[in-house]
Amino acid sequence: MLTLNHISGGYLRKPIVEDIHFQVDYGEIVALVGLNGAGKSTTLRLITGTLRPMSGDITLNGHEWLKERGSMAHIPDTPQLYPNLTIKEHLDFIMRLYPNSSVDYLNKQLERYSLLPHLEKYPYALSKGTQQKVSILLALLTNPHYLIVDEPFMGLDPIGLSLFLEDLHQLKEKGTAILLSTHLLAIAEDLCDRVVIINKGKQLKYNGNPSIHLKEMKAGSLQSVFFSMIGEK
């Protein structure tokens, strides 16, 4: 399980988020939601190691983050591909780095995501949506125990979105712990088990709980609950 133990962090010794505390269990999808500038991306950067917490700590399956980071995959909001490598070279690199990756799975996913015509291309020649599909595939090839996903849906066409949602469901069934940052409350409500709300760098509680268990949400849609909690109509 991924656990954030009262972490605070930010830039230039100024905290952007403070006292964030929640966990993501194996076989569970948790959404991290909030307005622009609420601190979602900062929280994900702390989890993925781009930033170091100013206080608190992050553990993976009870172990220090550094000892388990190889079992975590990250899909950023903007694809981060190497400009001088073709798509095939990106995939070959991951397959060598993770030798237990399945070639059959790779070939199936290349066909599902319509990436076969793009293997010899460089990232600059691809649309943002196609780059996002490549970024998704690179993460999924690692067969992660923990998957951190930052606003992945905006560049995807309807077919790509449907395929990715299918993959998230399958990963959940396999026992992957998935943390998903998104603005799309309808998708979060349909896809996720729990929701953590961050507003102005603070984690909001729902009926005294650090997260919303969607199956136990007493009344209204996630959108109405969200606006009520952040004080917006």
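General remarks:
- Of LYS40/LYS172; LYS88/LYS128; LYS172/LYS200; LYS14/LYS218, pairs whose Cα-Cα distance is over 28 Å: LYS172/LYS200; LYS14/LYS218
- Label-point separation, LEU85 to SER55 (7 Å along Cα→Cβ), nm: 3.9
- Here the dipole of the chain is about 560 debye; that uses its Cα centre as origin and unit charges on the Cβ of Lys and Arg (positive) and Asp and Glu (negative).
- The packing ranking, built from the mean of other Cβ atoms within 10 Å per residue, places the peptides 160-169, 39-48 in the order 39-48, 160-169, highest first.
- Quotient of Cα Rg and 2.2 N^0.38 Å for region 1-128, N being how many residues it contains: 1.27
- The alpha-carbon positions of region 193-233 define a convex hull whose volume is 67 Å³ per residue.
- For region 1-111, the Cβ-based charge dipole about the Cα centre amounts to some 380 debye (Lys, Arg positive; Asp, Glu negative; other atoms uncharged).
- Projected over every direction and averaged, the convex hull enclosing the alpha-carbon atoms of the chain yields 13.2 nm².
- Residue-averaged 222 nm ellipticity for the chain, from DSSP H runs of 4+ at -39500 (n - 2.57), nearest 500: -10000 deg cm²/dmol
- Taking 1.002 mPa s as the viscosity and 20 °C as the temperature, the Stokes-Einstein diffusion coefficient of region 89-130 based on its alpha-carbon Kirkwood radius rounds to 191 µm²/s.
- Furthest towards positive pole of dipole, SER211, ASN36, LEU116, structure part the chain, Cβ charges: ASN36
Every number here is computed from the coordinates shown, using simple stated rules; none is lab data. Keep in mind it's a predicted model, so treat the numbers as computed, not measured. Heads up, the Cβs are rebuilt from the backbone with ideal geometry, glycines too, and the neighbour counts pull from every protein chain shown.
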